[in-house]
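Report on the following structure.
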Amino acid sequence: MSLLEMQKVSYQNEKKLILQEISLKVAAGDFISLVGPSGSGKSTILKLCCHLLSPTQGKILFKGKDIKQYNPLDLRRRIAYCAQTPYLFGETVEDNFSFPYLIRKQKIDLARVQTLLSRFNLDGKILKNRVQSLSGGEKQRIALIRTLLFKPEILLLDEVTSALDVANTELVEKEIYTLNQTGMTILWVTHSPEQSRKYANILLSLEQGKIKTREVLK
Ligand SMILES: Nc1ncnc2c1ncn2[C@@H]1O[C@H](COP(=O)(O)OP(=O)(O)OP(=O)(O)O)[C@@H](O)[C@H]1O
Ligand SMILES: [Mg+2]
């Protein structure tokens, strides 16, 4: 059984058909890169996979069960989504890291937070910074760390290195690969051909809402 499976999934909004009969199997431990021109439907696929959107046709199964049958909050803890435009809330960076603990009725684990900050090349003092004052690349990494404080089973990443320099991009790629090596399943949307092939085992290309090619890389 696949960990996640899209069965002939279409998604249509008021104006147009955005995805057409997408069938896709994700096995536990996969590292899948999703590429395609702007507007081809990459972000829409990720949003469907964590049930931020519902298919207008077809269905999506997580561990053999329709994702509609899962409690949405529980599902999004298990299938975590890191958005293309990072959304930070509250006033400070720390507010963003406290939140995942708060909803689980736990006290923030500052040691874990500090470990992740240093792994992603951010100074521990950034906790007290106001979110409005952060650079695009800092926001991206903070949103990513917030997603990783509690390890999801599937990680959906939407162009999470688009605002980073070369060195920080490599660092984030390696961290994600390490998570994959420890068993986390990754679905990564990227515009970079080099990045799409670096660590992935499957490369999917999307065009006008359809899967155009599926390449097994390793
Ligand atoms: N909320 C929405 N309302 C209307 N149209 C939408 C909405 N979300 C997406 N679309 C349309 O659906 C299509 C696919 O969008 P999507 O964001 O999935 O593309 P993408 O492949 O992620 O593009 P990019 O590489 O630019 O991020 C686009 O034509 C977009 O305009
Ligand atoms: Mg997108």
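The values are calculated or read from the model by the stated rules, or taken from the named source; none is laboratory data. Everything numeric here is computed off the predicted structure, so don't read it as measured data. Counting neighbours? That spans all protein chains shown, and the Cβs are built from the backbone with ideal geometry, glycine included.
Okay, here's what the table says:
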read-out	value
Among the candidates S162, S118, residue that is of a type outside the set (A, V, I, L, M), over 26 Å from L75 (Cα atoms) and outside any helix (DSSP H, G or I)	S162
Neighbours by Cβ (under 7 Å, 6+ apart or cross-chain): first from the stretch 113-133, free of Cβ contacts under 8 Å to residues at least 24 places away in the same chain; second among the aliphatic types (A, V, I, L, M)	G124/L117
Selection count, the stretch 1-56, where residues are within 17 Å of the chain's Cα centre (by Cα), among the polar types (S, T, N, Q), surrounded by fewer than 22 Cβ atoms within 10 Å (Cβ to Cβ) and part of a strand (DSSP E or B)	0
Odd one out for E91 among (1) in contact with a Gly (Cβ under 9 Å, 6 or more places away or on another chain); (2) more than 26 Å from V189 (Cβ to Cβ)	(1)
Residue check, Y101 within 16 Å of ligand 2 (Cβ to nearest atom), outside any loop (DSSP other than H, G, I, E, B) and either surrounded by 12 or more Cβ atoms within 10 Å (Cβ to Cβ) or modelled with pLDDT under 95 (or both)	no
Test: residue in the stretch 70-90 that is surrounded by 14 or more Cβ atoms within 10 Å (Cβ to Cβ) and at positive phi	no
Checking I202 against (1) away from ligand 1 (no atom under 16 Å from the Cβ); (2) surrounded by fewer than 19 Cβ atoms within 10 Å (Cβ to Cβ), the condition it does not meet	(2)
